[in-house]
Amino acid sequence: MTLALPDADGSLRTYEPRTEPLAVTPGTPLASRTVFSAAHVVADPFADTTPDSPAAVDWDATLAFRRHLWSHGLGVAEAMDTAQRGMGLDWAGAAELIRRSAAEARAVGGRIACGVGTDQITGGGLAGIRAAYEEQLEVVEEAGAQAILMASRALAAAARGPEDYLETYGHLLRQAAEPVVLHWLGPMFDPALEGYWGSSGLDAATETFLDVVAAHPDKVDGVKVSLLDARREVDLRRRLPRGVRCYTGDDFDYPELIAGDDQGFSHALLGIFDPLGPLAAEAVRVLDTGDTAGFRALLDPTVPLSRHLFQAPTRFYKTGVVLLAWLAGHQDHFTMVGGLQSARSLPHLARAYELADGLGLFPDPKRAEERMRNLLSLYGVNQ
């Protein structure tokens, strides 16, 4: 059977769905790269909520998805942007997510790192921002998870220059019990982070970022860079102190960055590895054998899907991620906290389905086709 999929110009095109999924099963642990999937949360579709009320999470489905990622050897980056921090999930919900996921990680032997930010406050001075970071850092460390120091909207608004970032991050790193991941999220993901590290110029911002790392190399496990600029990431990666990892957050160029070059490579902490989890893990296992060409052969074809999901406005990529989770059978509905399922157009969602189906990402292609058919009919597309 075929599906009629809408294009952006209002026309319909005929698509013939795939009949067999890509054969990927859980395998040996990953060896040559540390790879985190930034995992989404599953909303409770029966909760009587509004976009501005606290998120209602389906905890069973949310934790089941994390077990799925762990089963393929991936780490889980919890309570990050992919989980709608600041876009539907507030700090109270994020704290519960961190505690539940960390407990689940201990139970199954999964690796987990959790986001530490300041989203319980909306502004204020540097002292209040440090206190907000400290509160969240305490929650993550008490849960037994690694901390990821996320970029702060409040700090972006309050900082007067690079010195305020150096002071704030230095204060936090001295307190951290274990080495953390420093996360630089670019304004394409969150416009409120424009000018982070004290400068709207990326060259100057990079110098401040590296100054923070250089001052505390024993407290920085790695840096996570989400600027969608492969050349800048490579240049930064080559300047990191020995032993400090670079975790790529570039959802446009991840195959080449993970594969690396004769001077090094990036590990990964990626939102696209939510829908690509099993395929990404299989590709890294191939890379573990030294087969870079085989790794690229598996992962390069996924880039068009990732670039589609993360196209501007990039912050709405989560809608496509959750659509694919529903189509793949990881949840029973296409509902998101904050009502964010409405953030992308039907043509965008149709193209996401087409690209994912072409890659064989759906374990049951027939179920994915039926669910996509139902979604199309809700929008008035008659098949």
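The values are calculated or read from the model by the stated rules, or taken from the named source; none is laboratory data. Model, not experiment: these values are computed from the prediction. Here the Cβ positions follow ideal geometry from the backbone for every residue, glycine too, while neighbour counts run over all protein chains shown. When the accessible area is computed, the model is the full protein with side chains, heavy atoms only, and any ligands, DNA or RNA have been set aside. Shrake-Rupley method; radii C 1.70, N 1.55, O 1.52, S 1.80 Å.
Would you please name the residue that is surrounded by the most Cβ atoms within 10 Å (Cβ to Cβ), looking only at residues in the stretch 365-377 that are closer than 21 Å to Ser11 by Cβ and touching a helix residue (DSSP H, G or I) at 6+ places or on another chain (Cβ under 9 Å)?
Here the residue is Met372.
All but one of (1) at pLDDT below 95; (2) hydrophobic (A, V, I, L, M, F, W, C); (3) crowded, with 21+ Cβ neighbours inside 10 Å hold for Leu22; which doesn't?
(3)
Residues that are in contact (Cβ under 8 Å) with a residue 60 or more places away in the chain, in contact with a Leu (Cβ under 7 Å, 6 or more places away or on another chain) and closer than 30 Å to Leu22 by Cβ, at least 3 per element: which strands (runs of 3 or more DSSP E) completely within the stretch 207-307 meet that? Before you say what the answer is, go through the steps one by one.
Details: elements: 220-226, 245-248, 267-270.
In the stretch 207-307, no matching strands (runs of 3 or more DSSP E) lie anywhere.
If you take the residues of the stretch 332-347 that are free of Cβ contacts under 8 Å to residues at least 60 places away in the same chain and not charged (D, E, K, R), which of them is surrounded by the most Cβ atoms within 10 Å (Cβ to Cβ)? Outline the logic, then answer.
Within the stretch 332-347, the subset free of Cβ contacts under 8 Å to residues at least 60 places away in the same chain is 334, 341-344.
Add one more test, that the residue is not charged (D, E, K, R), and what stays is 334, 341-343.
Values: Phe334: 21, Gln341: 19, Ser342: 11, Ala343: 17.
So the residue we want is Phe334.
Would you tally the residues in the stretch 144-157 being touching a helix residue (DSSP H, G or I) at 6+ places or on another chain (Cβ under 6 Å) and open to solvent by 10 Å² or more (accessible area, probe 1.4 Å)?
Residues in the stretch 144-157 being touching a helix residue (DSSP H, G or I) at 6+ places or on another chain (Cβ under 6 Å) and open to solvent by 10 Å² or more (accessible area, probe 1.4 Å): 5 in total.
Having 3 or more residues that are more than 30 Å from Arg307 (Cα to Cα) is the bar; report the helices (runs of 4 or more DSSP H) wholly within the stretch 98-197 that clear it. Explain how you work it out, then say what you get.
Details: elements: 126-142, 153-158, 162-175.
Output list reads 126-142, 162-175.
Return the residue satisfying two criteria in turn: it lies in the stretch 276-300 and is under 19 Å from the mean Cα position of the chain (by Cα) and open to solvent by 50 Å² or more (accessible area, probe 1.4 Å), and of such residues it is nearest to Pro255 (Cα to Cα).
Initial filter on the stretch 276-300 (under 19 Å from the mean Cα position of the chain (by Cα)): 276-284, 299-300.
With the extra rule that they be open to solvent by 50 Å² or more (accessible area, probe 1.4 Å), the set shrinks to 282, 300.
Values: Glu282: 13, Asp300: 6 Å.
Looking at the filtered set, the residue picked out is Asp300.
For the stretch 25-44, which residues satisfy the criterion of being over 28 Å from Cys246 (Cα atoms) and open to solvent by 50 Å² or more (accessible area, probe 1.4 Å)?
So the first thing to find is which residues in the stretch 25-44 are over 28 Å from Cys246 (Cα atoms), and the list is 42-44.
The answer is Asp44, and nothing else.
Residues of the stretch 25-42 being part of a loop (DSSP other than H, G, I, E, B) and modelled with pLDDT of 90 or more, which ones?
Step one: list which residues in the stretch 25-42 are part of a loop (DSSP other than H, G, I, E, B), which gives 25-34, 39-42.
If the condition is that a residue be part of a loop (DSSP other than H, G, I, E, B) and modelled with pLDDT of 90 or more, then Pro29, Leu30, Ala31, Ser32, Arg33, Thr34, Ala39, His40, Val41, Val42 are the ones that fit.
Given the conditions (1) farther than 30 Å from Ala259 by Cβ; (2) touching a Leu at 6+ places or on another chain (Cβ under 9 Å); (3) open to solvent by less than 10 Å² (accessible area, probe 1.4 Å); (4) of a type outside the set (Gly, Ala, Ser), and given that Phe362 satisfies all but one, which numbered condition is not satisfied?
(1)
Quick one: Leu182 ticks every box in (1) more than 21 Å from Ala312 (Cα to Cα); (2) touching a residue at least 24 places away in the same chain (Cβ under 8 Å); (3) surrounded by fewer than 20 Cβ atoms within 10 Å (Cβ to Cβ) bar one, so which box is it?
(3)
Residue by residue through the stretch 200-236, note down the ones that are under 25 Å from Met87 (Cα atoms), buried (at least 16 other Cβ atoms within 10 Å of the Cβ) and among the small types (Gly, Ala, Ser).
Pass one, the stretch 200-236, residues under 25 Å from Met87 (Cα atoms): 200, 223-229.
From what is left, the residues that are buried (at least 16 other Cβ atoms within 10 Å of the Cβ) are 223-229.
The answer is Ser226, and nothing else.
Hey, any hits in the stretch 102-111 for a residue that's touching a helix residue (DSSP H, G or I) at 6+ places or on another chain (Cβ under 6 Å), among the basic types (Lys, Arg) and in contact (Cβ under 8 Å) with a residue 40 or more places away in the chain? Give the derivation first.
Looking only at the stretch 102-111, we keep the residues that are touching a helix residue (DSSP H, G or I) at 6+ places or on another chain (Cβ under 6 Å), and these are 104, 108, 110.
Remaining after also requiring among the basic types (Lys, Arg): none.
No, that holds for no residue.
Return the residues of the stretch 60-97 that are part of a helix (DSSP H, G or I), of a type in the set (Lys, Arg) and crowded, with 18+ Cβ neighbours inside 10 Å; say none if nothing qualifies. It would help to see each step written out before you state the result.
Taking the stretch 60-97 as the starting set, the residues that turn out to be part of a helix (DSSP H, G or I) are 60-71, 81-83, 91-97.
Those still in the list that are of a type in the set (Lys, Arg) too: 66-67.
Arg66, the sole residue that qualifies.
When Leu12 is evaluated against the numbered criteria (1) touching a helix residue (DSSP H, G or I) at 6+ places or on another chain (Cβ under 9 Å); (2) touching a residue at least 60 places away in the same chain (Cβ under 8 Å), which criterion, by number, is the only one it fails?
(1)
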